[in-house]
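Okay, structure first, notes after.
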Amino acid sequence: MNGIDTGNLIYFIVLGAALIVMFLINNRQGIGATLKQLLTWGLIFLAVLAGYGLWEDVRRTVVPSQTVIATEDRIVVPRSPDGHFYLTLDVNDRSVRFMVDTGASDLVLTRADAQKAGLDPENLTFFGRARTANGEVRIAPVTLESVALGPYIDRNIAASVNDGVMDVSLLGMRYLERWSRLEMGGGELVLTR
């Protein structure tokens, strides 16, 4: 331990001791009741620590992720709690999260995801138009150098960047048609090459 760590440790020990003494003085109703309260607070503290330590395991269980089964040439995606299917693809070697949208004809990036993928939305020409559930939006056609899903890499993929407000990028039919089979059922989406 260095001098700063030792100083912090001494400070927390003194602070903890002062809090325990203050608690005991203020709770003179009986040592049994005081110990019971201390035990209760101790258990609450341990429960919080356990929850913090197990958070990653809980998150993986509550929010399932995609599974790549490369030997069978397929990707299995569980349905998200909101009812949609989400996939994380590497676009130009950067991870981008997509919502699978069979009603979209194109692979559509948000401005933020386009920038993450190395495109500059400020220098794109938004001359195209697309009809969405929220009305008509301007789009800029782009070509993505690479789009990878697990071990499957596609090159020079035509896509669009949406100039409107969009929460998540869309994985439309232009990309999904590259797969030989697309199946939905039993709470899963299965893409087969």
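The values are calculated or read from the model by the stated rules, or taken from the named source; none is laboratory data. Just so it is clear, the model here is predicted, and its values are computed rather than measured. Here the Cβ positions follow ideal geometry from the backbone for every residue, glycine too, while neighbour counts run over all protein chains shown.
With the structure loaded, tell me whether MET173 is in the same structural domain as ASP106 (by TED's automatic domain parsing), touching a residue at least 12 places away in the same chain (Cβ under 8 Å) and under 20 Å from ARG74 (Cα atoms) or whether it fails that test. Show your work before the answer.
Values: in the same structural domain as ASP106 (by TED's automatic domain parsing): yes; touching a residue at least 12 places away in the same chain (Cβ under 8 Å): yes; under 20 Å from ARG74 (Cα atoms): yes.
Judged against the criteria, MET173 is a match.
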* What is the residue count in the range 134-163 for residues that are in contact with a helix residue (DSSP H, G or I) (Cβ under 9 Å, 6 or more places away or on another chain), farther than 20 Å from ASP90 by Cβ and either in a loop (DSSP other than H, G, I, E, B) or charged (D, E, K, R) (or both)? -> 1
* Could you say which residue among ARG155, ARG111, ARG129 is among the basic types (Lys, Arg) and either outside the structural domain of ARG74 (by TED's automatic domain parsing) or buried (at least 17 other Cβ atoms within 10 Å of the Cβ) (or both)? -> ARG111
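Would you confirm whether or not the range 120-142 contains a residue that is touching a residue at least 40 places away in the same chain (Cβ under 8 Å) and aliphatic (A, V, I, L, M)?
Checking the range 120-142: not a single residue is touching a residue at least 40 places away in the same chain (Cβ under 8 Å) and aliphatic (A, V, I, L, M).
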* Applying the selection to the range 117-133, what residues are assigned to a strand (DSSP E or B) and of a type outside the set (D, E, K, R)? -> GLY128, ALA130, THR132
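Going by the conditions given, is THR88 of a type in the set (S, T, N, Q), out of contact with any His (no Cβ under 7 Å at 6 or more places or on another chain), at pLDDT 85 or above and crowded, with 16+ Cβ neighbours inside 10 Å? Please lay out each step first, then the result.
On the way: of a type in the set (S, T, N, Q): yes; out of contact with any His (no Cβ under 7 Å at 6 or more places or on another chain): yes; at pLDDT 85 or above: yes; crowded, with 16+ Cβ neighbours inside 10 Å: no.
For THR88, the condition - of a type in the set (S, T, N, Q), out of contact with any His (no Cβ under 7 Å at 6 or more places or on another chain), at pLDDT 85 or above and crowded, with 16+ Cβ neighbours inside 10 Å - is not met.
Which members of the range 161-170 meet the condition of being at pLDDT 90 or above and either in contact with a Lys or Arg (Cβ under 9 Å, 6 or more places away or on another chain) or not assigned by TED's automatic domain parsing to the domain that holds TYR86 (or both)?
Just the residues of the range 161-170 that are at pLDDT 90 or above, to begin with: 161-162, 168-170.
Result: VAL161, ASN162, VAL168, SER169.
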* State whether the residues of the range 106-126 include one that is small (Gly, Ala, Ser) and either more than 27 Å from GLY83 (Cβ to Cβ) or touching a helix residue (DSSP H, G or I) at 6+ places or on another chain (Cβ under 6 Å) (or both). => yes
